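Working notes, beginning with the structure itself.
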Amino acid sequence: MYDALTSRYGFSCPVRGETSVTLSAFRSLEALPGTSHPVVYRVTFACGCGGEHAGLVTHEELDWAPLGFGRERFFNLMTARLEDVSVELSDLAARRIQAGEWPWTFFCLPEERPRPVFPSSFFLLAATDGAVGVAVRCPVCTRTSVNLVTQSHVDLRFHNDAEIGVVRHIFWDEPIDGGLEPFLASSDVDGRRLEL
């Protein structure tokens with residue numbers, strides 16, 4: 001389902017049969033009730049066919065596979081064999097985390113600080129003019145903050161924008177029913193510098 005070499009998730013598409021999308025193409029993520037090991041998420045994603053489709057992704061595929069903790073194999077043209085690269089990818093990720101880097105970060109408005117997260121903390125995403133609005137549930141304070149970041153900030157692990165936009169609205173317990181677009185179009189977006 002997830003390909004760590006291309007950073008894309010594979011899903012079925014009713015028009016094309018199969019499609020692969022990046023994390024920034026996701027529009028919503030919701031943990032399904034009753035699933036615990038592994039937790040399964042229902043995702044809605046923007047497909048290359050122009051439509052939005054639903055798919056399922058496990059917690060391991062969402063949070064751990066992008067770091068190389070999976071069974072990543074590629075065809076080595078030099079040896080003409082399938083070779084395992086998961087050990088190298090996971091070792092590289094572990095070293096970067098030990099050095100203080102985190103694969104994904106966001107700015108928590110209630111705490112006024114950047115926080116490390118995994119994609120399972122995202123629950124709404126919206127594409128807007130080359131940027132991505134991301135609603136993130138903070139794993140520490142459990143409040144929701146909305147950040148405006150580049151696609152690379154979401155799609156590429158260990159890529160953090162030097163500055164991100166933060167919607168100046170604290171979402172306590174109210175749902176975000178109308179999507180992120182009204183918040184992203186407002187003038188209530190501040191630029192925040194991520195000091196990581």
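The values are calculated or read from the model by the stated rules, or taken from the named source; none is laboratory data. Worth saying up front: this structure is predicted, and the values here are computed from it rather than measured. Please note: Cβ atoms are built from the backbone with ideal geometry, for glycine as well, and neighbour counts cover all protein chains shown. For accessibility, only protein heavy atoms count, side chains too; no ligands or nucleic acids. Shrake-Rupley method; radii C 1.70, N 1.55, O 1.52, S 1.80 Å.
Summary table below
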read-out	value
Single condition VAL166 does not satisfy, out of (1) modelled with pLDDT under 90; (2) part of a loop (DSSP other than H, G, I, E, B); (3) of a type outside the set (Lys, Arg)	(2)
Scan of segment 1-24 for residues that are outside any strand (DSSP E or B) and either touching a residue at least 60 places away in the same chain (Cβ under 8 Å) or touching a Lys or Arg at 6+ places or on another chain (Cβ under 8 Å) (or both), ordered by number	MET1, ALA4, LEU5, SER7, THR22, LEU23, SER24
Leading residue by the ranking (farthest from ARG137 (Cα to Cα)) among those in segment 95-119 that are of a type in the set (Lys, Arg) and open to solvent by 60 Å² or more (accessible area, probe 1.4 Å)	ARG95
Boolean, VAL154 is touching an Asp or Glu at 6+ places or on another chain (Cβ under 9 Å), of a type in the set (A, V, I, L, M, F, W, C), surrounded by 12 or more Cβ atoms within 10 Å (Cβ to Cβ) and touching a residue at least 24 places away in the same chain (Cβ under 8 Å)	no
Residue check, GLY48 without any contact (Cβ under 8 Å) to a residue 12 or more places away in the chain and over 28 Å from VAL87 (Cα atoms)	no
Identity of the residue in segment 76-94, of a type in the set (Val, Ile, Thr) and open to solvent by less than 70 Å² (accessible area, probe 1.4 Å), that ends up farthest from ASN160 (Cα to Cα)	THR79
Flag if ARG73 is open to solvent by 60 Å² or more (accessible area, probe 1.4 Å), more than 26 Å from GLY130 (Cβ to Cβ), at pLDDT 95 or above and charged (D, E, K, R)	no
Search result, residues across segment 25-43 that are over 13 Å from the mean Cα position of the chain (by Cα) and either of a type in the set (S, T, N, Q) or outside any strand (DSSP E or B) (or both)	LEU32, PRO33, GLY34, THR35, SER36, HIS37, PRO38, VAL39
Subset tally (residues that are among the polar types (S, T, N, Q) and surrounded by fewer than 18 Cβ atoms within 10 Å (Cβ to Cβ)) for segment 23-57	3
Per-region count, segment 70-84, residues out of contact with any Lys or Arg (no Cβ under 7 Å at 6 or more places or on another chain) and either of a type in the set (D, E, K, R) or touching a residue at least 60 places away in the same chain (Cβ under 8 Å) (or both)	6
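For (1) at pLDDT below 90; (2) among the aliphatic types (A, V, I, L, M), each residue gets a yes or a no:
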residue: THR128; (1), (2): yes, no
residue: ALA131; (1), (2): yes, yes
residue: VAL134; (1), (2): no, yes
residue: VAL149; (1), (2): no, yes
residue: ASP155; (1), (2): no, no
residue: PRO175; (1), (2): yes, no
residue: GLY179; (1), (2): yes, no
residue: PRO182; (1), (2): yes, no
residue: SER186; (1), (2): yes, no
